[in-house]
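The values are calculated or read from the model by the stated rules, or taken from the named source; none is laboratory data. This structure is a prediction, so every number in the text was calculated from the model and none was measured. Glycine also receives a Cβ, built like all others from the backbone with ideal geometry; neighbour counts cover every protein chain displayed.
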Amino acid sequence: MNTITVEELKARLDAGEKLNLVDVREAHEHAEFNIGGIHLPVGNIMMTETDSIDDLKEQEVIFYCRSGARSGQACLFTANLGFTNTFNLVGGMLAWREKFGE
C-alpha cells in the first residue's frame, strides 16, 4: 500500500496541485472537519458503491479518515476493484490537526 504523510499532502495542496482526495469517514465526521475532496464512507466502498470515483481507477487517489485505519482498508479494497494508484494518508485527520490545527 502506498502512503503519504500529512506534510507531503499539505505541501502538494499548498502548491496548488489538483488532487483526488476521498474522505472515507462518516458524514458527521466529514461535516465537523475535512480537507476537501469527495465524501465516500468506507462502508459504501466495502459494498462496492464506488460510482462517484470509478472514473479515477487509473489516477492517483488519496484516501483519508480519522486515523488512517479506514483509509487503509479503502486502499486495499479499491485495489481489488481495479484502482491502480491509491494512497493512504498516514495518521489521518488526527495527524493533520496535530500538525496544522484546523
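Among the residues of region 47-60, are any assigned to a strand (DSSP E or B) and at pLDDT 95 or above?
Of the residues in region 47-60, the ones assigned to a strand (DSSP E or B) are none.
No - not one qualifying residue is present in region 47-60.
For (1) on the phi > 0 side of the Ramachandran plot; (2) crowded, with 18+ Cβ neighbours inside 10 Å, each residue gets a yes or a no:
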site	(1), (2)
Ala27	no, no
Gly36	yes, no
Leu40	no, yes
Met47	no, no
Asp54	no, no
Glu60	no, no
Cys65	no, yes
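Residues that are at pLDDT 95 or above and small (Gly, Ala, Ser) were ranked within region 87-102; the one that is surrounded by the most Cβ atoms within 10 Å (Cβ to Cβ) is Gly92. Within region 86-99, residues that are of a type in the set (Lys, Arg) have Cβ atoms under 6 Å from residues that are surrounded by 14 or more Cβ atoms within 10 Å (Cβ to Cβ) in these pairs: Lys99/Val6, counting only partners at least 6 apart in sequence or on another chain.
Selection over region 69-85 of residues that are buried (at least 18 other Cβ atoms within 10 Å of the Cβ) and closer than 23 Å to Lys18 by Cβ gives a count of 5.
Criterion first (within 14 Å of the chain's Cα centre (by Cα), at pLDDT 95 or above and closer than 18 Å to Glu32 by Cβ) does Gly72 satisfy it? So Gly72 does not fit the description; no. For region 1-19, residues that are under 17 Å from Arg70 (Cα atoms) and either over 14 Å from the mean Cα position of the chain (by Cα) or not in a helix (DSSP H, G or I) (or both) total 5.
Between Leu21, Leu81, which is of a type outside the set (Val, Ile, Thr) and farther than 25 Å from Arg97 by Cα?
Working: Leu21 fails: farther than 25 Å from Arg97 by Cα.
On inspection, the qualifying residue turns out to be Leu81.
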